[in-house]
1. So, in the range 111-131, of the ones that are touching a residue at least 60 places away in the same chain (Cβ under 8 Å) and touching a strand residue (DSSP E or B) at 6+ places or on another chain (Cβ under 7 Å), which residue ends up farthest from residue 54 (Cα to Cα)?
2. Determine, yes or no, whether residue 245 is surrounded by 18 or more Cβ atoms within 10 Å (Cβ to Cβ) and in a loop (DSSP other than H, G, I, E, B).
3. If I filter the range 41-51 for residues that are part of a strand (DSSP E or B) and touching a strand residue (DSSP E or B) at 6+ places or on another chain (Cβ under 7 Å), do I get at least one hit?
4. Can you tell me which residues in the range 64-88 are in contact (Cβ under 8 Å) with a residue 24 or more places away in the chain and either closer than 20 Å to residue 23 by Cα or touching a strand residue (DSSP E or B) at 6+ places or on another chain (Cβ under 9 Å) (or both)?
5. In the range 97-127, what residues are crowded, with 16+ Cβ neighbours inside 10 Å and over 22 Å from the mean Cα position of the chain (by Cα)?
6. Out of the residues in the range 141-160 meeting the condition of being outside any strand (DSSP E or B) and in contact with a helix residue (DSSP H, G or I) (Cβ under 9 Å, 6 or more places away or on another chain), tell me which one is surrounded by the fewest Cβ atoms within 10 Å (Cβ to Cβ).
7. If you check residue 163 against the conditions, is it modelled with pLDDT of 95 or more, assigned by TED's automatic domain parsing to the domain that holds residue 203, closer than 21 Å to residue 195 by Cα and in a helix (DSSP H, G or I)?
8. In the range 1-29, which residues are assigned to a loop (DSSP other than H, G, I, E, B) and touching a helix residue (DSSP H, G or I) at 6+ places or on another chain (Cβ under 8 Å)?
């Protein structure tokens with residue numbers, strides 16, 4: 001089953017433009033493709049790599065015991081045999097490309113300049129975090145959170161790539177966000193901002209007196225406890241997670 005991240009990326013105009021640009025760039029090169037899963041099949045149906053490029057073969061872990069068989073009109077190659085192949089460029093078609101690139105570079109000694117990835121993350125851990133949000137139905141729970149916090153002032157807690165991705169892909173404008181806090185802002189500059197929000201040290205939250213602190217991290221139990229029992233102890237400020245998760249998931253995270 002194709003992931004939400006795959007659907008988002010491949011349906012964007014930017015992705016299509018980048019694929020067509022890459023095909024144009026490599027039209028006179030010998031190309032080996034790495035990745036023969038469901039995602040590749042969907043992409044190949046749309047872009048017909050075998051006819052658009054000079055494909056010397058396709059490699060994947062599922063071809064480890066394969067010797068010269070054909071797959072989608074291309075010669076299947078076991079990963080360990082890639083160094084014996086003649087190619088100018090390897091295209092990694094998987095949406096999870098980091099580990100594959102490491103494998104190609106570190107295990108097979110493939111030059112970094114010879115490796116191209118179809119999925120380029122614009123934010124750290126974009127693919128993992130995007131799918132994570134949909135795993136917990138964030139697209140459905142966010143409107144409920146917005147409704148719950150109507151006419152309330154909110155400070156976000158957690159200034160990282162996770163929140164950056166949320167702001168990029170989801171609409172937070174229905175929440176009256178008056179600032180953002182994080183340990184990284186303990187010694188912040190006077191007018192420092194993050195993602196357009198005014199930065200506050202955790203110790204400053206009580207002085208600002210928001211109605212609610214919305215914890216915008218993947219794992220938030222320890223943070224909520226720290227805020228409730230120490231940082232904001234005695235303050236009449238609600239502390240809520242931005243991403244809601246089932247109780248059994250929270251228990252599993254607590255006890256590991």
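The values are calculated or read from the model by the stated rules, or taken from the named source; none is laboratory data. Bear in mind that the values here come from a model prediction, so they are computed numbers and not experimental data. Cβ sites come from the backbone with ideal geometry, for glycine too, and all protein chains shown count toward neighbours.
1. In this case the residue turns out to be 118.
2. When the stated conditions are applied, residue 245 passes them.
3. no
4. Residues satisfying the conditions are 71, 72, 74, 76, 77, 79, 82, 85, 86, 87, 88.
5. 110
6. So the residue we want is 160.
7. When the stated conditions are applied, residue 163 passes them.
8. 1, 2, 3, 27
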